[in-house]
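Below is one structure, written out as structure tokens; the observations come after it.
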Amino acid sequence: MSDDDDFKFADYNDRISASREPDVEAIDPAGDVAHLTQAWVDERAAPDLLQYQEQCIQRLLAKIEEQTLLIEELDPRNDTSVILSILYQTELERVKFVLRSYLRTRISKIEQFCAYVLNDGPTRKRLSKAELHYAEKYGSPPLSIFCFFTSFLRSCLVFDGD
């Protein structure tokens, strides 16, 4: 069994229940899943943030949505459909695990090196829009700190003038 076979989504041709038209495209994101898995391993091993895999993730999210709809359409009264549903859900959860872990790894690096990520141009370009927004919000000090320093400075100025 190759690495591409580890994460295979359900194929419409494998379905026993013929509730949809037979000309529907098969879902075969093995290449995207293998690409995401490699990006996940690389991201976990690299000390710096790597390039965000936006296109791959967008395709996988669309395929996950399609797969979820396929699972919902399977007939629960048919024993074969129940088994297929369990298999499809298992594979779907495996792919979602890799995706969540990839994103958690990136968020962890953003939190750990927030100042560097925001100030380094090349690293900043490797972030997605959502990650950049998160880093900016995470790195900005809360309003209470500004209020504290403002009041502290005012009190210092009052004592300095006397």
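Of the conditions (1) crowded, with 17+ Cβ neighbours inside 10 Å; (2) over 15 Å from the mean Cα position of the chain (by Cα), GLY121 satisfies every one except a single condition; which number is it? In the conditions (1) crowded, with 17+ Cβ neighbours inside 10 Å; (2) over 15 Å from the mean Cα position of the chain (by Cα), GLY121 misses (1) alone. Just one of (1) at pLDDT 90 or above; (2) farther than 21 Å from GLU131 by Cα; (3) surrounded by 12 or more Cβ atoms within 10 Å (Cβ to Cβ) fails for GLU65. It is (3).
Those helices (runs of 4 or more DSSP H) of the stretch 46-145 in which 1 or more residues are among the small types (Gly, Ala, Ser), more than 19 Å from ASP32 (Cα to Cα) and without any contact (Cβ under 8 Å) to a residue 12 or more places away in the chain occupy 79-112, 121-125, 129-139.
Residue selection: ARG100 fails the criterion of being surrounded by 13 or more Cβ atoms within 10 Å (Cβ to Cβ) and at pLDDT 90 or above. Within the stretch 39-83, the residues that satisfy the criterion of being under 13 Å from VAL95 (Cα atoms) and touching a helix residue (DSSP H, G or I) at 6+ places or on another chain (Cβ under 6 Å) are TRP40, CYS56, ARG59, LEU60, GLN67.
The values are calculated or read from the model by the stated rules, or taken from the named source; none is laboratory data. Being a predicted model, the structure only gives us computed values, none of them experimental. Backbone-built Cβ (ideal geometry, glycine too); neighbour counts: all protein chains shown.
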